[in-house]
Amino acid sequence: MYFSEYLKFAIIFAVLIIIQVSFIWLIAISNYNITPDLVIVLVIYIGITRGQIPGMISGFIAGLTMDLLSGSFIGLLALSYSVAGFIAGYFSFSDSSKSSVKRSIIGIMFLCTVVAYSIFFWIYYQGVSISYGEIFMKFVLTTSVYTLVFGVLLILFSNIIETKK
Amino acid sequence: MKAIGLFLLNIKEYLIFSLLIVLSLILIFSNDNSQVRFFRAIAVGFIGTIQSGVSAVPNVFEIQKENQFLREKNIELSNQLSELKEAKLENIRLSKLLGLKNVNLSGVIIASIVNKSLVQARNTITLNVGESDSVKINMPVITDDGLVGRIVSTSSSYSIAQLLLNRNLNISVKVQRSRVDGILNYDGSEYVIINNVPKSADVKQGDIILTSEYSNYFPAGIPVGIVSEEGNLDNLFKKVIVKPLVNFTALEEVFVLKHLPENERLILEEYYSKK
């Protein structure tokens, strides 16, 4: 990645983190305050399009920033986002495999968010008398599906930009 | 040597991944040290400035809801005012009879909420008061309805409070009527819970839950919630579901209590637990 690209992603991350921390509660659903995670969408996008190392590092930095702003449990989102970036980067496309990755991008995004949030919520809800199955259904799955909606919007948006080019 | 270099280059993704995992785990296990607090204070100050700017922009839907709420509250308060006037006169009369001095209420800092944050079930609020207003980490946050949470991070002009609906907040509580005590925490659902209450304990639906004397962070007697229902945890214990008294969705102004844990007690308890 070139410096201008780093700068571009840093600015997008900053905007998404501010939206995530300050405004996302406005679209929280259910009694469990399920919110989409816009930041992880970008981490996965970087992982898929730029490779494992940029995916992991951007995930770690973004997660750490979110941890600092959340006021509790520093390192947990950094860990989850790093894992998401690593998995996404595994599917990183070369030009020959671009079309097949693009076809399964929703599945990849879903896999990354489910794994990342399984780690996050499993550690976060340690010591609480709810089973992992319950945590998975109530938090992991719902957050992943809600996040996926925004992921699909990002894919559509990038497709439109590519077609215009 | 060259072969080792090539090998490391081949597995560089895995090496970096392992490094990041280890770094994350170190951070998770060193959450309360001073360096982490320092970076957190910078982050809170920065985001607080942005959020207070954004909160100045009026939200039409919120204003409509707020107007409705304020109208209802106005009627309720008018009724309460007349009752309070009566009570005040009675209080003055009885205080004179008992020779009591005025109660000191100066230990309270009034704060406005500049932002609510839901970072994956870690519910927090950002307040427009900070270290320059004498706000310190661990001070309790309340409203006239009851307990809201606890200050966890401060910068010079802003502070972040963990809400009752936050997994990281455990509170020593008791049932007002029967004095049964327990630890209250959040399991991610709509309400908060008290786990491991003995099955034989006298807890009924509608009981008021207060902070207990065992709590090191909160003064005793602050209302927390009302028992909504109780269910069995296992053969010996039951789980009590508590509905918080504070309506967190309509929260706008809070009070920060200038109450800090007693250091001597903390040190003694920590010393004993390490023995």
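Quick one: which residue in B:Asp207, B:Asp187 is among the acidic types (Asp, Glu) and over 30 Å from A:Thr143 (Cβ atoms)?
Working: B:Asp187 fails: over 30 Å from A:Thr143 (Cβ atoms).
Matching residue, one of B:Asp207, B:Asp187: B:Asp207.
Set side by side, the residues A:Thr142, A:Thr147 differ, and just one is touching a strand residue (DSSP E or B) at 6+ places or on another chain (Cβ under 6 Å) and within 14 Å of another protein chain (Cβ to nearest Cβ), which is A:Thr142.
Which strands (runs of 3 or more DSSP E) sit wholly inside region B:104-220 and have at least 3 residues that are surrounded by 19 or more Cβ atoms within 10 Å (Cβ to Cβ) and within 14 Å of chain A (Cβ to nearest Cβ)? Even if it seems obvious, please write down each step before you answer.
Details: elements: B:108-119, B:122-127, B:140-142, B:147-154, B:159-166, B:171-175, B:181-186, B:192-198, B:208-211.
So the answer is B:108-119, B:122-127, B:147-154, B:159-166, B:181-186, B:192-198.
When restricted to residues that are surrounded by 18 or more Cβ atoms within 10 Å (Cβ to Cβ) and in a strand (DSSP E or B), region B:221-247 contains 11.
Of all the listed residues (A:Leu77, A:Leu64), the sole one being farther than 23 Å from A:Val149 by Cα and not in a loop (DSSP other than H, G, I, E, B) is A:Leu64. Residues that are of a type in the set (S, T, N, Q) and under 18 Å from B:Glu13 (Cβ atoms) were ranked within region A:21-66; the one that is nearest to the other protein chains (Cβ to nearest Cβ) is A:Gln52.
Taken together, the values in this text are just the output of simple stated rules run on the coordinates, not laboratory data. These figures come from a predicted structure and were not determined experimentally. Positions of Cβ are generated from backbone atoms using ideal geometry, with glycine treated the same way; all protein chains shown enter the neighbour counts.
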